[in-house]
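First the structure, in the form of structure tokens, and then the observations on it.
The values are calculated or read from the model by the stated rules, or taken from the named source; none is laboratory data. None of these values were measured; they are calculated from a predicted model. Cβ coordinates were reconstructed from backbone atoms using ideal geometry, including for glycine residues, and neighbour counts include every protein chain displayed. SASA here: full protein model, heavy atoms, side chains in, ligands and nucleic acids out. Shrake-Rupley method; radii C 1.70, N 1.55, O 1.52, S 1.80 Å.
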Amino acid sequence: MHIPICDPKQEYLELKREIDAAIHGVLESGQYILGPNVSCFEEEMAAYLGCQYAVGVNSGTDAMHLALRALGIGPGDEVITTPFTFIATTEAIEITGATPVFADIDPHTFNIDPNRVEDAITSHTRAILPVHLYGQPCEMDAIMDLANRHDLRVVEDCAQAIGATYCGKRVGTFGDVGCFSFFPSKNLGCIGDGGLTVTDDSVVQSRLEMLRRHGARVKYHHSELGLNSRLDEVQAALLRVKLPRLDAWNEKRRERAILYNDLLADLDEIKCPSERNWHETEYASVRANNKIAPVYHQYTVLLQNRASAAQHLVERGIGNAVYYPVPLHLQEVNAQLGFREGSFPHSEYASRHCLSLPMSPNLTRSQQEEVHAALRQALADSPHPRLISA
Ligand SMILES: *Cc1c(COP(=O)(O)O)cnc(C)c1O
């Protein structure tokens, strides 16, 4: 692909000397697990996000699983989440023994609809697990209000939204625990698997630390069933080099998203991601007035005839992807939950019509113009009906 959908290697090349030195430093130190880089990175992340504690773990999936376990969620409990996300979200719930309960998305944001969350609450509900999909923050005011009224815990899946803000506060700091992934393609990516949990509650923090190292508070004294899930020193050292660049990279993603919105505005058949509360298109004024600042992990559009658009993009060497083609309530692994086609129409509609376009801090204007030209050609070659929403 001459325009890749994402470009993690570019970030390495940009910072090669510093990253090579940081990794070399770990190799020379002989301390490879839970050493100084992990504890410094945890402090730096807590400061960056604006919360008390951060605990490094070995993936975003484990971050959510351990967060739920640390909050005491398990068999017999229900956790409300979105059907339109990556499988890790329900894996984390089901591995604790709890049952995922779905609430459909708001079709304009792709995120869980708080009104539908309220309808899904039962006497077994213990927690809500909102996912800030594509880097777009969920309606956290409404979700936290529901959680407070019904005495529910909140675990945020921030795997795609590191650095995004809602009313000036970073996502991950609203609920009881925020969960992050450093999978290489994420906005802050490492060179393997890595994850992080954050919290303001010291009891939850110490439970997370205990669970990530075999359920032991004191070495070789295991009080609870834990697992081996630690962020390692090499990943932490590299992440410490990248973290100071994250805000600038996220701003570049947002500038590129706004340019896509402008370029694609003449293609009526394509629905661009909407930024609620932002009516200006000029970047600086948008920033001054925003209530919600997404970080565009993905730039995802909706269009009726996705297959032909994707084919035109591929023919021109332009990367694209469908995140995600099958909503979680229709996944084979979740068949026992008993849902069928039609259970969550907005999620099903998004799964059939979403298409993610190339997005990275280094995408150039001419590359974005090429994407626009390819989509315009696709629409001209096989005229699409306009999008009919679910
Ligand atoms: C990437 C991702 C995860 C899982 O993170 P891993 O580090 O790969 O385990 C979870 N949820 C969402 C929405 C993701 O995009």
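One line per residue, one yes/no per condition, for (1) open to solvent by less than 20 Å² (accessible area, probe 1.4 Å); (2) assigned to a loop (DSSP other than H, G, I, E, B); (3) more than 29 Å from Tyr260 (Cα to Cα):
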site: Tyr296; (1), (2), (3): yes, yes, no
site: Ala307; (1), (2), (3): no, no, no
site: Val326; (1), (2), (3): no, yes, no
site: His329; (1), (2), (3): yes, no, yes
Criterion (within 16 Å of the ligand (Cβ to nearest atom) and either among the polar types (S, T, N, Q) or open to solvent by 10 Å² or more (accessible area, probe 1.4 Å) (or both)) met by exactly one of Ser229, Ser223, Ser206
Ser229
Within the stretch 125-148, how many residues turn out to be part of a helix (DSSP H, G or I), open to solvent by 10 Å² or more (accessible area, probe 1.4 Å), away from the ligand (no atom under 13 Å from the Cβ) and in contact with a strand residue (DSSP E or B) (Cβ under 7 Å, 6 or more places away or on another chain)?
1
Does the stretch 90-104 contain any residue that is open to solvent by 10 Å² or more (accessible area, probe 1.4 Å), of a type outside the set (Asp, Glu), within 12 Å of the ligand (Cβ to nearest atom) and touching a strand residue (DSSP E or B) at 6+ places or on another chain (Cβ under 8 Å)?
no
Of the residues Asp151, Asp157, which single one is out of contact with any helix residue (DSSP H, G or I) (no Cβ under 9 Å at 6 or more places or on another chain), of a type in the set (D, E, K, R) and either farther than 23 Å from Arg240 by Cβ or open to solvent by 10 Å² or more (accessible area, probe 1.4 Å) (or both)?
Asp151
Residue satisfying condition, being away from the ligand (no atom under 11 Å from the Cβ), more than 12 Å from Pro114 (Cβ to Cβ) and within 17 Å of the chain's Cα centre (by Cα), within set Gly178, Gly168
Gly178
When you look at Arg352, is it among the charged types (D, E, K, R), over 30 Å from Asp141 (Cβ atoms) and at pLDDT 95 or above, yes or no?
yes
